[in-house]
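The values are calculated or read from the model by the stated rules, or taken from the named source; none is laboratory data. For clarity, every value in this text was computed on a predicted model and none was experimentally measured. In this analysis, Cβ positions are derived from the backbone assuming ideal geometry, glycine residues included, and neighbour counts consider all displayed protein chains.
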Amino acid sequence: MKQLAFDESPVKGGEQPEQILVRGCWRRVESIVDRWQETGRWWEGERVRDFFLVETTQGAFVVSQGPAGWRLERPID
């Protein structure tokens, strides 16, 4: 499967996500349903990432924030 390349982060926000890019349009995060942290492969130097389950008018998505910035992880069915 080919990964999409973004010129800018598909998520905007400060300490929590505020907008996400869905099908080419920015959608406001209506609510944050859940929040958690994952350590990743700490033995390989990966840092902790903060994950958020968010709802928009276009559905639910998992987004994360780490040292390199925001990432759109996946949609939720």
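Filtering region 57-76 to residues that are surrounded by 12 or more Cβ atoms within 10 Å (Cβ to Cβ) and either aromatic (Phe, Trp, Tyr) or within 17 Å of GLN37 (Cβ to Cβ) (or both) leaves PHE61, VAL62, VAL63, SER64, GLN65, GLY66, TRP70, ARG71, GLU73.
If the condition is being closer than 14 Å to TRP70 by Cβ and among the polar types (S, T, N, Q), then region 8-57 contributes SER9, GLN16, GLN19.
Scanning region 8-62 for residues that are of a type in the set (Phe, Trp, Tyr) and under 16 Å from GLU73 (Cβ atoms) yields a total of 4.
Of the numbered criteria (1) modelled with pLDDT under 95; (2) in contact with an Asp or Glu (Cβ under 9 Å, 6 or more places away or on another chain); (3) surrounded by 16 or more Cβ atoms within 10 Å (Cβ to Cβ), the one SER9 fails is (2).
Out of everything in region 20-56 that is aliphatic (A, V, I, L, M) and assigned to a strand (DSSP E or B), what residue ends up being surrounded by the most Cβ atoms within 10 Å (Cβ to Cβ)? Ranking the qualifying residues of region 20-56, first place goes to VAL54.
Within region 8-21, residues that are of a type outside the set (Lys, Arg) have Cβ atoms under 6 Å from residues that are loosely packed, with under 15 Cβ neighbours inside 10 Å in these pairs: SER9/GLY69; GLN19/TRP26; GLN19/ARG28, counting only partners at least 6 apart in sequence or on another chain.
For region 27-64, filtering for residues that are modelled with pLDDT of 95 or more and either under 12 Å from GLY13 (Cβ atoms) or β-branched (Val, Ile, Thr) (or both) leaves 11.
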